[in-house]
Amino acid sequence: MKRIVSIQDISCFGKCSLTAALPITSAMGIETCVIPTAVLSTHTGSGFEGYTYHDLTSDIPEIAAHWKRLNLRLDAICTGYLGSFEQIKIVSDFFDSFMTKENLIIIDPVMGDKGKYYAGFDDNFAHEMRKLCRKADVILPNLTEAALLLDEEYAGEGYDEEYIKNLLVRLSALGSKIVVLTGVSFDDNSQGVMSYNRETGEFSSYFSDNIPGYFHSTGDVFSATLSGALVKGFNMGKAIKIAVDFTVDCIKHTLGHEKEHWYGVMFEECIGDLIEMIK
Ligand code: PXL
């Protein structure tokens with residue numbers, strides 16, 4: 001059985017980060033260990049003003065030291081929302097202790113969306129995240145995070161394929177072998193991802209339906225599913241297809257329930273579809 005660790009926050013209510021990753025990768029048949037980076041009453045999205053935040057940075061080195069004594073093998077180390085600038089350094093140390101020739105380091109550089117930082121993030125954080133990305137096999141930024149990592153203007157809409165290819169090459173120069181850029185859309189009807197493998201020089205893309213609206217937590221659903229599919233041994237092209245198709249499935253399933261489920265997609269009712277997709 002494969003084993004991964006998911007390093008990100010627990011938003012106690014809000015269906016994102018660990019509360020999405022844990023059920024998704026477990027359902028894919030992967031033993032999922034967690035390192036919670038912070039405990040929040042909810043995620044920080046607008047509508048949840050007044051959320052509580054408890055930082056767990058100081059617990060991480062102790063958890064790592066205990067796991068080292070247990071000689072735990074990890075097939076992938078996956079990171080998402082990291083709670084603070086200081087935490088990035090500690091996660092970087094965790095990579096140094098647990099990375100091997102065989103395992104995968106997958107970083108979702110969660111920092112923002114729609115051209116803006118999420119609450120609590122700033123340029124110092126982006127600068128530190130840029131350094132962390134050097135250690136990754138795969139990074140999964142959205143277009144906003146790509147701009148923040150490269151310290152440049154957010155492209156918004158109206159870019160073309162050449163622009164995205166150039167962005168991918170420059171992102172890969174930060175050091176990761178593979179860059180998977182999410183939320184790419186060249187027309188109103190489709191949205192998907194484009195990726196670049198620095199070692200082979202290959203670009204690839206996969207698009208699905210563009211569903212108008214904003215759906216919270218889809219980045220976390222996508223990154224958990226992609227990480228799971230890679231650890232299961234699917235090649236990058238197939239893993240991207242599974243992750244995009246599952247994310248779109250979750251969004252379609254949420255359509256018509258957005259009033260009640262504005263804070264996160266209803267991925268729970270789609271888990272059965274995911275299990276079929278990886279058969
Ligand atoms: O979905 C990304 C995410 C994860 N964790 C927390 C967040 C967000 C996005 O807003 O607030 C706490």
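Observations on the model:
- Residues whose amide H falls under 5 Å from that of ILE7, counting only those 5 or more places apart or on a different chain, are ILE35, CYS78, THR79, GLY80, with hydrogens built in the peptide plane.
- Ligands, DNA and RNA aside, TRP67 has an accessible area near 30 Å² when probed at 1.4 Å.
- Label-point separation in nm, ASP160 to ALA119, each point 7 Å along Cα→Cβ: 4.1
- Solvent-accessible area per residue for the chain (1.4 angstrom probe, square angstrom): 45
- About the Cα centre, charge dipole magnitude for the chain (Lys/Arg +1, Asp/Glu -1 at Cβ), debye: 1060
- Estimated Rh, segment 3-277: Kirkwood, alpha-carbon pairs, angstrom: 18.6
- Rounded to whole Hz, the Karplus (6.51, -1.76, 1.60) HN-Hα couplings of segment 104-118, x for glycine and proline: 10, 10, 10, 10, 9, x, 4, 8, x, 7, 6, x, 10, 5, 5
- Amide H to amide H distances under 5 Å link GLY115 with THR144, where only residues 5 or more positions off or on other chains count and H is placed in the peptide plane.
- Candidates ALA243, ALA229, ALA119, ranked by Gaussian network fluctuation over the chain, Cα under 10 Å, top entry: ALA119
- Spin-label pair THR100/ASP151, simplified geometry with 7 Å Cα→Cβ offset, distance in nm: 3.7
- 3J(HN,Hα) along segment 37-51, derived from phi through the Karplus expression 6.51 cos²θ - 1.76 cosθ + 1.60 where θ = phi - 60°, amounts to 8, 6, 10, 10, 5, 8, 6, 9, x, 5, x, 10, 4, x, 4 Hz, with x in place of Gly and Pro.
- Ranked from largest, the principal axis spans of the Cα set of segment 20-139 equal 41, 30, 27 Å.
- Helical contribution to [θ] at 222 nm, DSSP H n ≥ 4, -39,500 (n - 2.57), averaged over the chain, rounded to 500: -12000 deg cm²/dmol
- Taking each of LYS101/LYS165; LYS131/LYS177; LYS68/LYS101; LYS89/LYS131; LYS2/LYS101 in turn, the alpha-carbon distance tops 21 angstrom for LYS101/LYS165.
- Gain on full extension, evaluated as 0.36 nm per residue between LYS259 and SER204 minus their Cα-Cα distance, stands at 16.3 nm.
- DSSP beta bridges in the chain [antiparallel fraction, %, rounded to 5]: 45
- Two-site label geometry, ASP187 and HIS127: point separation in nm, points 7 Å out along Cα→Cβ: 4.3
- Alpha-carbon centroid distance for the pair segment 178-245 / segment 1-48, whole angstrom: 19
- Rounded to the nearest Hz, the phi-derived 3J(HN,Hα) couplings of segment 223-231 under the Karplus curve 6.51 cos²θ - 1.76 cosθ + 1.60 (θ = phi - 60°) are 5, 5, 5, 5, 4, x, 5, 5, 5, where x marks glycine and proline.
The values are calculated or read from the model by the stated rules, or taken from the named source; none is laboratory data. Just so it is clear, the model here is predicted, and its values are computed rather than measured. Don't worry about glycine lacking a Cβ; one is built from the backbone with ideal geometry, like all the others, and counts go over all protein chains shown. Protein only, heavy atoms only, side chains kept; ligands, DNA and RNA dropped before computing areas. Shrake-Rupley method; radii C 1.70, N 1.55, O 1.52, S 1.80 Å.
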